[in-house]
Amino acid sequence: MPSEFEKPYDPKTVEPEIYKKWEESGFFNPDKLSSKKSKPFTIIMPPPNANGALHIGHAVFVTLQDIMTRYQRMRGKKALWLPGADHAGFETQVVYDKKLEKEGRSRFKIPRDELWKEMWDFTEENKKVMENQLRKLGASCDWSREKFTLNPDIIETVYDTFKKLYDDGLAYRDNRIVNWCTKHQTTLSDVEVKYIEKKDPLYYIKYGPVTLATVRLETKFGDTAVAVHPKDKRYKNLIGKEIEIKTLLGPTKIKVIGDEIVDPEFGTGVVKVTPAHDPNDFEIWKKHKDEIPGPRSVIDQYGRMDLSAFIDRENAKKYHGLKVMEARKLIEEDMQKEGLMEKIDQEYTHTVATCYKCGAILEPRILPQWFIAMTKPIGKTKKSLRDLGVETVKKGEIKFLPSRMEKIYMHWMKNLRDWNISRQIVWGIRIPAWYRGKEIYVGKENPSGEGWEQDRDVFDTWFSSGQWPFAALGYPGSKDFKNFYPTDVMETGWDILFFWVARMVMLGKYRTGKMPFRTIYLHGLVRDKDRQKMSKSKGNVIDPLGVSELYGTDAVRMALIIGNTPGNDVVISEEKIRGYRNFANKIWNASRFVITHTKTPPEKNKVKYASKDKEMLKKLSNTSKDVTKHMEQCRFYQAAETLYHFFWHFYADKVIEEMKERLTFEDGTAEKETAKALLLEFHFTLMKLLHPFMPFITERVWQELNLNNRTLLMIETWPQP
RNA sequence: GCGCCCUUAGCUCAGUGGUAGAGCGUUCCCUUGACAUGGGAAAGGCCAGAAGUUCAAUCCUUCUAGGGCGCACCA
């Protein structure tokens with residue numbers, strides 16, 4: 001026994017050596033694996049955002065996906081786990097904005113090209129860090145196929161998809177009311193909006209002959225109409241008429257319209273219509289375009305009052321330039337002075353749209369943006385993107401784990417609205433659209449001719465990552481696409497079911513005609529032992545690399561997988577990791593025992609299993625069967641727990657103890673040789689079964705067990721149950 | 001409003017149509033030659049409540065209570 005095979009187990013020295021051995025063997029690459037006949041098994045790694053180090057949540061997906069990949073590889077499949085990194089558009093922009101802020105700089109003052117270059121270097125650096133972290137976590141992914149979402153070939157695929165959507169009439173540019181974050185100076189899609197409950201004063205204000213209720217007092221300058229329910233007896237006679245109202249900017253006239261959207265029960269049953277600053281009002285205006293004036297914007301991109309259009313009117317200068325909330329307060333006071341305020345309900349609670357990143361209240365604005373039509377039929381097929389997404393799942397082409405996520409997916413699909421894919425940031429794939437007057441050109445190459453100007457916006461990062469499975473495999477022309485698509489499993493967090501998974505299904509189906517993956521495995525969020533979400537601000541984060549260094553990667557992986565059922569959050573604590581560090585040590589010590597006693601291999605002709613031995617072996621094969629069944633059904637947590645229990649409380653506690661006496665017999669006796677054979681049988685099998693979960697220690701032990709025929713455990717055959 | 005989920009040992013969670021398991025924690029014993037990052041033993045649960053289906057329910061159905069979450073609307 002080599003000197004380093006001592007107690008206790010020291011992962012720090014073992015792990016880097018083992019990983020190097022694996023990587024140099026080339027077997028992470030499925031092309032190097034076995035015969036041509038074997039089936040492929042593909043997982044495309046959800047590309048981590050290249051804007052920081054990996055956190056414990058990443059370690060969860062690494063563990064799960066590596067378990068699947070290693071298992072399938074041992075089952076003889078051509079296992080491909082394709083790694084990647086995401087430029088993560090807006091997310092990275094936010095991270096980088098913060099960095100700039102600390103340095104006393106602002107992205108709005110840096111030329112586009114310069115900022116791009118800086119951010120490119122920033123992500124490149126992060127990528128390198130991440131790659132090494134993935135290695136430390138034991139990820140058996142094929143580095144030769146690694147992709148970045150800003151690789152030229154990926155961008156080309158994304159451009160092609162956009163062009164196709166445009167040609168099919170699904171991608172369109174329109175002036176519509178969108179979610180605007182005044183801090184980040186960009187629009188956000190509907191899924192990026194976080195709704196919060198908020199208590200705000202509800203103002204009952206006098207508009208000539210009627211009184212109406214509103215929270216957004218400051219938008220009154222942008223009113224273009226007043227709406228009531230068409231059947232509301234109280235106001236029926238006013239519909240279609242202009243009413244004269246007193247405002248803080250002097251008297252004016254405004255039209256009353258009837259629309260069913262108005263709830264007669266709410267407030268006074270009268271609504272002011274401000275199409276420039278309210279999504280509903282925008283819809284009302286679209287319906288009543290012929291009757292009422294167009295949207296009148298009174299708030300600018302920074303969330304300040306912009307009354308330039310009324311600047312000659314009395315008082316206009318007073319409010320012009322004020323922040324929304326300041327303006328609201330002042331208008332409240334002034335209206336009270338003028339006797340225009342009937343009452344104020346201070347107990348009114350409603351939900352407001354906020355930016356999911358910074359929490360700032362979003363300011364709806366009308367802007368020219370690119371949208372993807374989600375419900376519009378595509379050409380002759382008469383099917384919309386939504387139809388594709390719904391159908392694929394309904395037909396069972398994609399299996400959800402846990403299955404209840406399918407319902408959530410369907411429910412979301414039902415409420416789909418068109419997707420705003422324009423972002424007013426620098427970091428991302430720039431939209432390949434050019435304008436010249438009213439002409440629009442969409443294409444991969446710059447248009448010919450003079451006077452074209454490219455759209456300044458970039459794509460929503462989820463638009464490109466929504467194409468990741470086929471893009472990363474080199475669609476359409478590559479061999480990899482032919483061999484490995486559709487992929488087998490997509491494994492990611494349930495929190496991005498809508499952001500990412502739904503989009504991948506729709507875009508994958510749309511572009512390639514096939515679903516992007518057969519199974520979608522959704523893991524939960526990592527929480528600490530008090531069930532709190534881990535976050536830097538709470539100071540309860542566990543750094544996966546830190547604990548790996550301390551307790552060993554195998555222990556961390558076990559702690560992350562046990563108790564980790566699909567769709568449910570995972571609770572992890574250092575105590576739990578320590579528990580599995582003890583288990584690793586147990587494996588190590590049991591291995592030391594077996595190895596010392598089997599230095600001379602058992603003499604096969606002397607081996608005679610007694611009925612009790614056979615019983616034990618039967619238990620082993622039953623366990624093997626159970627574990628395999630769990631693996632096949634993606635119940636990795638069960639497989640891991642079964643193995644843990646079996647190794648410790650049956651194999652170590654019972655079998656090894658039982659064999660100790662027999663090992664005191666002379667060499668060459670049936671007792672001793674049988675004991676050796678039995679121990680080896682157990683050990684070989686258990687190392688294999690444990691390998692997907694605890695790859696490092698099992699591989700290291702394997703190297704000692706397999707003295708004559710030195711192969712890698714990583715590519716050994718999974719035990720036949 | 002529409003929809004999803006949870007309620008099992010002190011804690012965190014598994015699980016099964018035939019009256020329950022793990023880890024951690026707790027108590028007691030043991031430094032025996034793989035292992036004290038250990039071994040052995042033990043305590044601890046009418047599986048939220050009620051009704052129904054069934055020969056049989058913690059597991060299926062319905063309702064109730066408490067908790068979590070998603071979506072939509074909100075003037």
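Some notes on this structure:
- Candidate set from the stretch A:528-554 (those that are open to solvent by less than 50 Å² (accessible area, probe 1.4 Å) and in a loop (DSSP other than H, G, I, E, B)); member that is modelled with the lowest pLDDT: A:SER535
- Listed conditions (1) open to solvent by 30 Å² or more (accessible area, probe 1.4 Å); (2) farther than 15 Å from A:PRO46 by Cβ; (3) of a type in the set (D, E, K, R) are all met by A:ASP488, apart from (2).
- The stretch A:493-507, residues that are more than 21 Å from A:LEU170 (Cα to Cα) and open to solvent by less than 10 Å² (accessible area, probe 1.4 Å): A:GLY493, A:LEU497
- Options A:TYR319, A:TYR302, A:TYR356, A:TYR348; residue that is open to solvent by 80 Å² or more (accessible area, probe 1.4 Å) and of a type outside the set (Gly, Ala, Ser): A:TYR302
- Single residue of A:ILE520, A:ILE496 found to be modelled with pLDDT of 90 or more, of a type in the set (A, V, I, L, M, F, W, C) and in contact with a Phe, Trp or Tyr (Cβ under 6 Å, 6 or more places away or on another chain): A:ILE520
- Identity of the residue in the stretch A:502-528, of a type in the set (D, E, K, R) and within 27 Å of A:ILE56 (Cβ to Cβ), that ends up farthest from RNA strand B (Cβ to nearest atom): A:ARG503
- Identity of the residue in the stretch A:195-220, open to solvent by 40 Å² or more (accessible area, probe 1.4 Å) and in a strand (DSSP E or B), that ends up nearest to RNA strand B (Cβ to nearest atom): A:TYR195
- Any hit, the stretch A:251-262, residues being open to solvent by 10 Å² or more (accessible area, probe 1.4 Å), near RNA strand B (Cβ under 8 Å from one of its atoms), in contact with a strand residue (DSSP E or B) (Cβ under 8 Å, 6 or more places away or on another chain) and not in a strand (DSSP E or B): yes
- Long-range neighbours under 6 Å by Cβ, at least six apart or interchain, first residue within 17 Å of A:TRP116 (Cα to Cα) within the stretch A:415-432, second of a type in the set (Asp, Glu): A:ARG423/A:ASP457; A:ARG423/A:ASP460; A:GLN424/A:ASP457; A:ILE431/A:ASP455; A:ILE431/A:ASP457
- Residue under evaluation A:ASN540, criteria (1) touching a residue at least 24 places away in the same chain (Cβ under 8 Å); (2) more than 19 Å from A:LEU686 (Cα to Cα), criterion not met: (1)
- Within the stretch A:143-167, residues that are in contact (Cβ under 8 Å) with a residue 24 or more places away in the chain sit with their Cβ atoms under 8 Å from residues that are open to solvent by 40 Å² or more (accessible area, probe 1.4 Å) and outside any helix (DSSP H, G or I), at 6+ positions apart or across chains, in these pairs: A:ILE154/A:LYS147; A:GLU156/A:LYS444; A:THR157/A:TYR475; A:TYR159/A:LYS444; A:ASP160/A:LYS444; A:LYS163/A:LYS444; A:TYR166/A:TYR172.
- Looking only at the stretch A:649-700, and only at residues there that are in a loop (DSSP other than H, G, I, E, B) and open to solvent by 10 Å² or more (accessible area, probe 1.4 Å), the one that is farthest from RNA strand B (Cβ to nearest atom): A:GLY668
- Count of the stretch A:603-640 residues which are away from RNA strand B (no atom under 16 Å from the Cβ), part of a loop (DSSP other than H, G, I, E, B) and buried (at least 19 other Cβ atoms within 10 Å of the Cβ): 0
- Residue count, the stretch A:392-413 (criterion: touching a Pro at 6+ places or on another chain (Cβ under 6 Å), buried (at least 18 other Cβ atoms within 10 Å of the Cβ) and assigned to a loop (DSSP other than H, G, I, E, B)): 0
Table: residues versus (1) hydrophobic (A, V, I, L, M, F, W, C); (2) open to solvent by less than 40 Å² (accessible area, probe 1.4 Å); (3) within 24 Å of A:MET504 (Cβ to Cβ).
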| position | (1), (2), (3) |
| --- | --- |
| A:GLU101 | no, no, no |
| A:ASP121 | no, no, no |
| A:MET130 | yes, yes, yes |
| A:ARG135 | no, no, no |
| A:THR157 | no, yes, yes |
| A:GLY169 | no, yes, yes |
| A:TYR172 | no, no, yes |
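- Residue check, A:THR211 touching a strand residue (DSSP E or B) at 6+ places or on another chain (Cβ under 6 Å) and in contact (Cβ under 8 Å) with a residue 12 or more places away in the chain: yes
Yes/no per residue for (1) buried (at least 22 other Cβ atoms within 10 Å of the Cβ); (2) hydroxyl-bearing (Ser, Thr, Tyr); (3) assigned to a helix (DSSP H, G or I):
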residue: A:TYR435; (1), (2), (3): no, yes, no
residue: A:ILE440; (1), (2), (3): no, no, no
residue: A:GLY449; (1), (2), (3): no, no, no
residue: A:PHE463; (1), (2), (3): yes, no, yes
residue: A:PRO476; (1), (2), (3): no, no, no
residue: A:LYS482; (1), (2), (3): no, no, yes
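- Looking only at residues of the stretch A:271-293 that are part of a strand (DSSP E or B) and either open to solvent by less than 10 Å² (accessible area, probe 1.4 Å) or touching a Lys or Arg at 6+ places or on another chain (Cβ under 7 Å) (or both), we find that the one that is farthest from RNA strand B (Cβ to nearest atom) is A:VAL273.
- Residue pairs whose Cβ atoms lie under 8 Å apart, sitting 6 or more positions apart in sequence or on different chains, and linking a residue in the stretch A:221-235 that is in a helix (DSSP H, G or I) to a partner that is at pLDDT 90 or above and small (Gly, Ala, Ser), are A:GLY222/A:ALA276; A:GLY222/A:SER297.
- Among residues that are free of Cβ contacts under 8 Å to residues at least 40 places away in the same chain, part of a helix (DSSP H, G or I) and either more than 8 Å from RNA strand B (Cβ to nearest atom) or buried (at least 19 other Cβ atoms within 10 Å of the Cβ) (or both), A:ARG581 is included.
- Listed by first and then second residue, the pairs linking a residue in the stretch A:557-570 that is free of Cβ contacts under 8 Å to residues at least 60 places away in the same chain and near RNA strand B (Cβ under 9 Å from one of its atoms) to a residue that is assigned to a loop (DSSP other than H, G, I, E, B) and among the hydrophobic types (A, V, I, L, M, F, W, C), with Cβ atoms under 8 Å apart and 6 or more places separating them unless they lie on different chains, are A:ALA559/A:ILE572; A:ASP569/A:LEU525.
- Those residues of the stretch A:555-575 which are part of a helix (DSSP H, G or I) and out of contact with any Leu (no Cβ under 9 Å at 6 or more places or on another chain), in sequence order: A:ALA555, A:MET558, A:ALA559, A:GLU575
- Selection count where residues are out of contact with any helix residue (DSSP H, G or I) (no Cβ under 8 Å at 6 or more places or on another chain), in a strand (DSSP E or B) and away from RNA strand B (no atom under 14 Å from the Cβ), scope the stretch A:325-382: 6
- Hey, A:ASN237 surrounded by fewer than 19 Cβ atoms within 10 Å (Cβ to Cβ) and under 18 Å from A:PRO275 (Cα atoms) or not: no
The values are calculated or read from the model by the stated rules, or taken from the named source; none is laboratory data. Quick caveat, the model's predicted, so the values are computed rather than measured. Note that we place each Cβ from the backbone using ideal geometry, even for glycine, and neighbour counts take in every protein chain shown. The accessibility values were calculated without ligands, DNA or RNA, using every heavy atom of the protein model including side chains. Shrake-Rupley method; radii C 1.70, N 1.55, O 1.52, S 1.80 Å.
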